[in-house]
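Note sheet for the following structure.
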Amino acid sequence: MISSFGQRFGAHLMLAVVALVLILIGRVSLTEEAAAVDIGVGGETAVSPILSPATTLPPPVVSGSAAQPQPISALPVVSDNSLSPLPNPHTFQAQPPSHQFETYIVERGDTPNKIADQFGISAATLLGGNPWMSQESNQLQSGTEITILPSDGALHTVKPGETVESIAADYEVPAEAIIAFASNNLEFPYRLQPDTQLMVPGAEIGLFYWTAPKTVAGSGSNGGGSGPSTFTVQGTGSFIWPMTSRCITQYAWYGHPALDMAVPEGTPVVAADRGTVTYASWAAGTYFDYGYLVVVNHGNGFETLYAHLGRIDVFPGQVVEKGAVIAASGNSGRSSGPHLHLEVRLNDIRYDPLLYLSGPTQDCTYTAN
Ligand SMILES: [Zn+2]
């Protein structure tokens, strides 16, 4: 028993001694680190900032002793950093872009083209900095703040999973141009933070384009293939206003190749020329969110498109005469108020409807403010 107790006691004593030695070593080690920090404050140190946990200690008070640092040779040199964490490339934290682009407050009488000219940028670039401007709404009111990009291009909001390369490919521009744009703040390996905005030099925002059917069941179509020549009913080639209102709330420009006319809901809408109805239905969910929509194909390459209707009075395939009532105006789809959205297309290209409509108009762009 005694012998066994002695062995156990001896073992405990050994452990206690080892523990004491370890504690003493730890104190010495702490002292060395504190000394290293003192030297570091003095401006001369071989200790890497990421090396020692002592760098998180509060800064030492500068005293008389600090003014007389010991010789470097008298201090232990910490050269083994094998236990320090190495920078992990997978934890690279991207810096968000630091864009501070010029902004402009819209004034009464401004138009998108006028603002673009004023700042020497293209209408496409004006849209590139303000993608909301192409939406079917009436937001270009005085007092609205818009972003003026410093050069041609587009502001892109980063989505999860996107890379510089994928964005460059989407806009068909070289990735180098995005990287080289200083305020994009891109550093190798060019990781992107979702929901930040990236300037894409040279890019243009593509405008949504929806094509109306080129054939319809019923009269007015010979059903033989596609294209404007499908329709045997020919328009006159000249157009009348589809409504009595000439109150223009949004003119045609690059971002909105159409004409918006404010009018109370329920106002009759007439066909601008003779033709065949090719679409008469709900058309929301598209980029423009047309709401209730009627499209008339005039058989001569022209189509007219009437959107945000409140009621539809025609059906696909129906032949309509110039001036015949086809619908009632409304506020359906993505619309900021009762109005008619009119598009005039020639061979599937949208033109300014005012090129085809004559007579005086009323500028209602700023009446809402
Ligand atoms: Zn419109």
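Bear in mind these aren't lab numbers, they're just calculated from the coordinates by the rules spelled out. Only a predicted model underlies this, so the values are computations on that prediction, with no experimental measurement involved. Methodologically, a virtual Cβ is constructed for each residue, glycine included, from the backbone with ideal geometry; neighbour enumeration extends over all protein chains shown.
Annotations for the structure displayed:
- Filtered residues of region 236-251 (kept if away from the ligand (no atom under 14 Å from the Cβ) and in contact with an Asp or Glu (Cβ under 8 Å, 6 or more places away or on another chain)): 236, 237, 238, 239, 240
- Of the residues making up region 252-271, those that are away from the ligand (no atom under 13 Å from the Cβ) and touching a strand residue (DSSP E or B) at 6+ places or on another chain (Cβ under 9 Å) are 264, 265, 266, 267, 268, 269, 270, 271.
- Elements of type helices (runs of 4 or more DSSP H) in region 121-210, at least 1 residues being more than 30 Å from residue 290 (Cβ to Cβ) and free of Cβ contacts under 8 Å to residues at least 24 places away in the same chain: 164-171, 175-180
- Tally of residues being crowded, with 19+ Cβ neighbours inside 10 Å and over 15 Å from residue 325 (Cβ atoms) across region 249-268: 13
- Taken together, 274, 311 contain a single residue that is free of Cβ contacts under 8 Å to residues at least 60 places away in the same chain and touching a His at 6+ places or on another chain (Cβ under 8 Å), which is 274.
- Tally, over region 153-173, of residues that are buried (at least 16 other Cβ atoms within 10 Å of the Cβ) and of a type outside the set (Gly, Ala, Ser): 7
- Hey, residue 323 away from the ligand (no atom under 16 Å from the Cβ) and either over 16 Å from residue 263 (Cα atoms) or touching a residue at least 40 places away in the same chain (Cβ under 8 Å) (or both) or not: yes
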